[in-house]
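This report concerns only the one structure given below.
The values are calculated or read from the model by the stated rules, or taken from the named source; none is laboratory data. Predicted, not measured: the structure shown is a model, and the values here were computed from it. FYI the Cβ positions are ideal-geometry reconstructions off the backbone, even for glycines, and counts take in every protein chain you see. The protein model used for the area step is the full one, side chains on, heavy atoms only, and it has no ligands, DNA or RNA in it. Shrake-Rupley method; radii C 1.70, N 1.55, O 1.52, S 1.80 Å.
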Amino acid sequence: PEWIEKDKFGNIFQEGYKIAWLSYSNPEARKYIMDGILEIVEKYDIDGINLDYIRYASNNMGYDEYTLKRFKEETGVDPYNIEKYSKEEVLWHMWRENLVSSFVKEFSQKAKELDKNILISADVYPSLSGGRLDKKQNWEEWIRNCYVDMVIPMNYRSGVDDLKILLDMQQKFKNMVYIL
């Protein structure tokens, strides 16, 4: 239970979800997830691994006891006392974003050591700004640093105009990564 993410109010389930998320800041939780995925890479003849839900459920997550304690120790800032639009708020956003990106980086390095030909993909929030602000998912960094070989943007839209805006933005990465 101490590995589970919580929101600002102590809830483990984000509205609209019936799943619990493991904490990106907790080394035991990270190791558990990492070891589980790497075991698949090591034991089975697979072509690739897709990282799904490699993000926070929302900006309101990341308030489990371990994360709060670690952030306070590293920065001296209590996330519950952060003012909106302050430099401390940016620090809190970036700190959690780095937890996700560092997991993707570490997984990519370890997986490629086990199998240099393995393809790594990730389901990503369709817009970079939304991904970073709400989900702490900086998939542009993952692409530019070759942590992933392909991305699968969640381009679920009800209108063609909205979809076109997303696809146009995503095209700037077409020569760096496969976009599915």
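Descriptive notes on the structure:
- Relative intensity, log₁₀ I(q)/I(0), of the chain from a Debye sum that treats every alpha carbon as a point, q = 0.13, 0.14, 0.15, 0.20 Å⁻¹: -0.71, -0.82, -0.93, -1.40
- For the peptides 111-122, 144-155, 37-48, the ranking by packing is 144-155, 111-122, 37-48, with the highest mean count of neighbouring Cβ atoms within 10 Å listed first.
- Globularity index of segment 133-180, i.e. its alpha-carbon radius of gyration over 2.2 N^0.38 Å: 1.19
- Pairs from the list LYS84/LYS164; LYS31/LYS69; LYS8/LYS136; LYS18/LYS72 with a Cα-Cα gap above 21 Å: LYS84/LYS164; LYS18/LYS72.
- The simple spin-label model puts a point 7 Å past each Cα toward its Cβ; for GLU89 and TYR53 those points are separated by 2.9 nm.
- Rg over Rh for segment 61-148 works out to 1.04, both radii taken from alpha-carbon positions and Rh defined as the Kirkwood radius.
- Accessible surface, segment 70-133, averaged per residue in Å² (probe 1.4 Å): 55 Å²
- A protection proxy built from the mean count of other Cβ atoms within 10 Å ranks the segments 165-171, 128-134, 83-89, most packed first, as 128-134, 165-171, 83-89.
- The separation of segment 105-125 from segment 155-180, counted between C-alpha centres, amounts to 22 Å.
- Placing unit charges on the Cβ atoms only, positive for Lys and Arg and negative for Asp and Glu, gives the chain a dipole magnitude near 340 debye about its Cα centre.
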